[in-house]
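S.K.: Below are the structure tokens for one structure; questions will follow.
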Amino acid sequence: MTVEQSIALAPAERANQLIGGELTEKSLRLHLEGLPGVDAVGLEARASDLGTRSIKTTSKAWALDRIIGLIDLTTLEGADTPGKVRSLVAKAMTPDPSDLSTPRVAAVCVYGDMVLHAVEALGAAGGPGGVQIAAVATAFPSGRAALPVKIADTKHAVAAGADEIDMVIDRGAFLSGRYGVVFDQIVAVKEACRRDDGTYAHLKVILETGELTTYDNVRRASWLAILAGGDFIKTSTGKVAPAATLPVTLLMLQVVNDWHRLTGEKIGVKPAGGIRTSKDAIKYLVTVAETVGEEWLRPSLFRFGASSLLNDVLLQRQKLTTGHYSGPDYVTVD
Amino acid sequence: MSRLTVLKTYKLYIGGTFPRSESGRVYEVATAKGAFLANAAKASRKDARDAVLAARAAVGGWSGATGYNRGQVLYRIAELLEGRRAQFVEELRQSEGISAAAAEKQVDAAIDVWVWYAGWADKYVQVAGNGNPVSGPYFNVSTPEPTGVVAVIAPQESSLLGLVSVVAPALVSGNAVIVVASERAPLAAISLSEVLATSDVPGGVVNILTGSPAEIAPWLASHADVNAIDLAGAGSLDWVDLQIAAAETLKRVLPPEDGVPLPSVERVTFFTETKTVWHPKGLI
């Protein structure tokens, strides 16, 4: 078995309250490995059942507008430029120039060095209640960097004006059972999200479920991320297949629901990667509403990490307003 | 011992696969004398939408192939049609109530028309393109390029020859086609889709819908991702409304025709857009 480490972990209020006593690697492992196993067949059956609901006409119109309001419009390419970020921000503010009643997206999601360009482009449209700026940090997407580098990465993005930080966990450490390492890193990054005025940037913890291999691991990682102080748990980076799937998102929502019942705290969920059509996105809305309740369908508690999804939603929206099918020539190329 | 006949399920042809209608509907196809012949899928507007998606995805590859290559692929279909002559003759005889001789004549004509159009694939550009005289040190060249996704309402009579006469010309230049087959006699169209599926035509380049043109045509005419519509077989529909709907999204529209359209290179060039390129002459 693994070497017993009994060094005390970084203090995290939530974990102390829940696990109690002195928080150690051992007590954390006992807690996480003591979680009940996931009934994979039941989970997948439930998820596919939730995907069969028929959402039409006015419900569909509502759903489409809500989806737009929940999107983290994302560009995470090595080839990103300030110009690309500016056009992304323009699209976030005016998704459909032919119909100004289209709501704005929740946030734009960019690499840390692009945050200042996003801040500049957003101007007065940003800030509280406006379009948020999310930055990926901590050596995204692999997470393979030393902790001081990850902290510096995070601090830089926060200082540049990021409202939200999307961090990746160290999957290598998690899969080899070193939960304490992962825990400590999340706590440290959370601390790095602190601004000078004492407020915190929202912390989204990316579990990269495609690399966790089992549903049991997804459940453990979700608990771990929440215990360490994550405000959001996010499925994937979008760089690994499979990215977000409905069963995995359902499982994470169940953890969030359990946490809410236990502590009254509301944790957000963000499926990211692989959600490309309105039809898929509506399945997620149904799953959220039926698992944790409709109150989760707001940007502070649920997001879609997506880029091509927005165009498909706009096409569907145009179909509903004009009465005829629209085509890709009628939305922006990005 | 008597043997039960294995009846054929006639399905749609969308994106290189044979799905049933999304709506689950079928309608009865009868012989000319009114006896039951088969159940054919009755396509819905969502099938039409799926077909447009499949066609749009296929345009790039098909229009990007060289004219010579497209010509060879189309010619190969004629070869396969020749091999299936007996089946087409039988289906035409049953569904149109014509004599075996008339059916054979129609199949022959359809194959000949197909070959005729296939030959244009690497020639129409030379005929319709042009080097324009301009006053400046430039070459100025205009060439026809495929318009993209073409929706076609096939003629209601002569179900095979009519279909071939409207599908082939749109394909030649590199367009992807969605065709609504003859409502009364769709069997030949479905058999043609089996020929296409086993040929070298990429999936999605030809999509065949069976069902009611009156129901599907308005959705295709108003669809913003369809670039042109051929109303050849829409004479009995309210085709002026279809033209108006098509105009809203700037489509090219070919009006209805009586009977089967004759082979003409104009049908090929109609579904193209002219691209004009200026290129500086070397100042030697």
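S.K.: Can you tell me which residue within the range B:268-281, out of those that are surrounded by 19 or more Cβ atoms within 10 Å (Cβ to Cβ) and not polar (S, T, N, Q), is nearest to the other protein chains (Cβ to nearest Cβ)?
M.R.: B:F271
S.K.: So, one more: Which residues, taken from the range A:20-38, are part of a helix (DSSP H, G or I) and farther than 15 Å from A:D258 by Cα?
M.R.: Across the range A:20-38, the qualifying residues are A:E25, A:K26, A:S27, A:L28, A:R29, A:L30, A:E33.
S.K.: Name every residue in the range B:123-156 that is outside any loop (DSSP other than H, G, I, E, B) and touching a Lys or Arg at 6+ places or on another chain (Cβ under 9 Å), in order of residue number.
M.R.: Step one: filter the range B:123-156 for residues outside any loop (DSSP other than H, G, I, E, B), giving B:124-128, B:130-132, B:138-146, B:149-153.
B:Y138, B:F139, B:V141, B:S142, B:T143, B:P144, B:E145, B:V149, B:V150, B:A151 - these are the residues of the range B:123-156 that are outside any loop (DSSP other than H, G, I, E, B) and touching a Lys or Arg at 6+ places or on another chain (Cβ under 9 Å).
S.K.: Report those helices (runs of 4 or more DSSP H) wholly inside the range A:222-334 carrying at least 2 residues which are more than 14 Å from every other protein chain (Cβ to nearest Cβ) and among the β-branched types (V, I, T). Break it down into steps so the answer makes sense when it comes.
M.R.: Values: elements: A:246-263, A:278-291, A:308-322.
Once the helices (runs of 4 or more DSSP H) in the range A:222-334 are filtered for at least 2 residues that are more than 14 Å from every other protein chain (Cβ to nearest Cβ) and among the β-branched types (V, I, T), what remains is A:246-263, A:278-291.
S.K.: Give me the residue from the range B:223-232 that is within 12 Å of another protein chain (Cβ to nearest Cβ) and buried (at least 23 other Cβ atoms within 10 Å of the Cβ) and, out of that set, nearest to A:Q316 (Cα to Cα). If you could, list the steps in order and put the result at the bottom.
M.R.: Step one: of the range B:223-232, the residues within 12 Å of another protein chain (Cβ to nearest Cβ) are B:223-227.
Next, only the ones that are buried (at least 23 other Cβ atoms within 10 Å of the Cβ) stay: B:223, B:226-227.
Values: B:H223: 12, B:V226: 16, B:N227: 19 Å.
Per the stated criteria, the residue is B:H223.
S.K.: For the structure I just gave you, tell me whether A:L28 is in contact with a Lys or Arg (Cβ under 8 Å, 6 or more places away or on another chain) and farther than 18 Å from A:L246 by Cα.
M.R.: It is false that A:L28 is in contact with a Lys or Arg (Cβ under 8 Å, 6 or more places away or on another chain) and farther than 18 Å from A:L246 by Cα.
S.K.: Exactly one condition in (1) of a type outside the set (A, V, I, L, M, F, W, C); (2) within 14 Å of chain A (Cβ to nearest Cβ); (3) under 14 Å from B:A48 (Cβ atoms) is false for B:G211; which is it?
M.R.: Answer for B:G211: the failing condition is (2).
S.K.: Next up: Can you name the residue in the range A:67-110 that is over 26 Å from A:M167 (Cβ atoms), among the polar types (S, T, N, Q) and touching a helix residue (DSSP H, G or I) at 6+ places or on another chain (Cβ under 8 Å) and, of all such residues, is surrounded by the fewest Cβ atoms within 10 Å (Cβ to Cβ)?
M.R.: Going through the qualifying residues, I end up with A:S98.
S.K.: Is at least one residue of the range B:205-215 touching an Asp or Glu at 6+ places or on another chain (Cβ under 7 Å), at pLDDT 95 or above and surrounded by fewer than 22 Cβ atoms within 10 Å (Cβ to Cβ)?
M.R.: Yes, because at least one residue in the range B:205-215 is touching an Asp or Glu at 6+ places or on another chain (Cβ under 7 Å), at pLDDT 95 or above and surrounded by fewer than 22 Cβ atoms within 10 Å (Cβ to Cβ).
S.K.: Please specify each residue of the range B:233-267 satisfying the condition of being away from chain A (no Cβ under 14 Å) and either under 25 Å from B:P133 (Cα atoms) or exposed (fewer than 11 other Cβ atoms within 10 Å of the Cβ) (or both).
M.R.: If the condition is that a residue be away from chain A (no Cβ under 14 Å) and either under 25 Å from B:P133 (Cα atoms) or exposed (fewer than 11 other Cβ atoms within 10 Å of the Cβ) (or both), then B:V240, B:D258, B:L262, B:V265, B:E266 are the ones that fit.
S.K.: Still on this structure, please answer the following. So which residues in the range B:23-48 are charged (D, E, K, R) and away from every other protein chain (no Cβ under 14 Å)?
M.R.: B:R25, B:E28, B:K33, B:K42
For (1) free of Cβ contacts under 8 Å to residues at least 60 places away in the same chain; (2) charged (D, E, K, R), each residue gets a yes or a no:
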{"site": "A:V182", "(1), (2)": "yes, no"}
{"site": "A:C193", "(1), (2)": "yes, no"}
{"site": "A:D196", "(1), (2)": "yes, yes"}
{"site": "A:I206", "(1), (2)": "no, no"}
{"site": "A:E211", "(1), (2)": "yes, yes"}
{"site": "A:Y215", "(1), (2)": "no, no"}
{"site": "A:A221", "(1), (2)": "yes, no"}
{"site": "A:G230", "(1), (2)": "yes, no"}
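S.K.: How many residues are assigned to a helix (DSSP H, G or I) and buried (at least 18 other Cβ atoms within 10 Å of the Cβ) if we restrict to the range B:19-48?
M.R.: The total comes to 2.
S.K.: Another question, if that's okay. Of all residues in the range A:261-276, which are surrounded by fewer than 16 Cβ atoms within 10 Å (Cβ to Cβ) and out of contact with any Leu (no Cβ under 7 Å at 6 or more places or on another chain)?
M.R.: A:R261, A:L262, A:T263, A:G264, A:E265
S.K.: When you check B:A51 against the structure, is it touching a strand residue (DSSP E or B) at 6+ places or on another chain (Cβ under 7 Å), under 24 Å from B:E266 (Cβ atoms), crowded, with 21+ Cβ neighbours inside 10 Å and within 14 Å of another protein chain (Cβ to nearest Cβ), yes or no?
M.R.: no
S.K.: Another one. Name the residues in the range B:193-223 that are of a type in the set (S, T, Y) and out of contact with any helix residue (DSSP H, G or I) (no Cβ under 6 Å at 6 or more places or on another chain), would you? Give the derivation first.
M.R.: The first filter runs over the range B:193-223 and keeps only residues of a type in the set (S, T, Y), leaving B:193, B:198-199, B:210, B:212, B:222.
Correct list: B:S193, B:T198, B:T210, B:S212.
The values are calculated or read from the model by the stated rules, or taken from the named source; none is laboratory data. Predicted model only: the values in this text are computed from it and were never measured. Backbone-built Cβ (ideal geometry, glycine too); neighbour counts: all protein chains shown.
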